[in-house]
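Following: one structure in structure tokens, then a few remarks.
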Amino acid sequence: MSIRYLRLKIHETLLIIILSLVLILTRGSHITTFYSLPDASLALFLVGGIYLKNIRFFLALFLLGLVIDFGTSAFDPKLGFCLTKGYWGLIPTYGVLWLSGYFLNYKKLIQKLSIFIPLVSIAIILAFIISTQTYYIFSGRFGNPSFFESMFHGWEYLPQYFFNASAYIILFWLSQHFIITTNLLNFFKKVSIPKV
């Protein structure tokens, strides 16, 4: 393996640090904050797909979430209720958001709200269906339901799931829109640091 594959660009390094910090602060039912913030995982994987693209960053973010979840359950076993065989359904769940972000960037659709909003909404709902159904089918907590039987469960969680993900994605979109429209990045490129 060549070392050049391990090198990160400055924007990649900065973004993975920011995404990691937000994941640590918002991962549900954990011990790093006094107030449990809503989980931002879906939004973080969407943003990762938009700006980081490479699968190694997807894996790094997923592994961080895995460490947080398993680490939390080591401190308080009650918090490990979701750590079943169904937990692995989070890989395709987050993959849907990552690929949606990648597609939005690839097709240059991030600023086109008429496409961004429906695409992200569909991605969130699809992620919900995948995560909910893999949990109901593979967790072992609900007997041995078929796919069709499992489709009747979990829908009461969709509004909160959708709202939390949408709120973070709206914050992201507004932030990046502000940065683009104000040419904030160009301002920082022009500012030179005086040499001492």
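One table, with the values for the structure above:
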item	result
Long-range neighbours under 8 Å by Cβ, at least six apart or interchain, first residue part of a helix (DSSP H, G or I) within the stretch 172-196, second at pLDDT 90 or above and surrounded by fewer than 11 Cβ atoms within 10 Å (Cβ to Cβ)	Leu184/Phe178
Ala74 vs. criteria at pLDDT below 95 and either closer than 16 Å to Thr26 by Cα or among the small types (Gly, Ala, Ser) (or both)	yes
The lone exception for Ile110 - which of (1) farther than 25 Å from Gln133 by Cα; (2) modelled with pLDDT of 95 or more; (3) among the aliphatic types (A, V, I, L, M) it fails	(2)
The stretch 23-50: number of residues that are β-branched (Val, Ile, Thr) and at pLDDT 95 or above	2
All positions within the stretch 126-147 that are in contact (Cβ under 8 Å) with a residue 12 or more places away in the chain and within 13 Å of Tyr161 (Cα to Cα)	Leu126, Ala127, Phe128, Ile130, Ser131, Thr132
The stretch 152-196 - residue that is farther than 20 Å from Gln111 by Cβ and hydroxyl-bearing (Ser, Thr, Tyr) and, of those, modelled with the highest pLDDT	Tyr161
Where Leu63 falls short, out of the listed (1) within 15 Å of the chain's Cα centre (by Cα); (2) closer than 22 Å to Leu171 by Cβ	(2)
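Quick grid of which residues meet (1) surrounded by 15 or more Cβ atoms within 10 Å (Cβ to Cβ); (2) out of contact with any His (no Cβ under 9 Å at 6 or more places or on another chain); (3) touching a residue at least 12 places away in the same chain (Cβ under 8 Å):
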{"residue": "Leu90", "(1), (2), (3)": "yes, yes, yes"}
{"residue": "Thr93", "(1), (2), (3)": "yes, yes, yes"}
{"residue": "Leu97", "(1), (2), (3)": "yes, yes, yes"}
{"residue": "Gly101", "(1), (2), (3)": "yes, yes, yes"}
{"residue": "Tyr106", "(1), (2), (3)": "no, yes, no"}
{"residue": "Ile124", "(1), (2), (3)": "yes, yes, yes"}
{"residue": "Tyr157", "(1), (2), (3)": "no, yes, yes"}
{"residue": "Phe162", "(1), (2), (3)": "yes, yes, yes"}
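The values are calculated or read from the model by the stated rules, or taken from the named source; none is laboratory data. Treat the numbers as computed from the prediction; the structure is a model and nothing was measured. Heads up, the Cβs are rebuilt from the backbone with ideal geometry, glycines too, and the neighbour counts pull from every protein chain shown.
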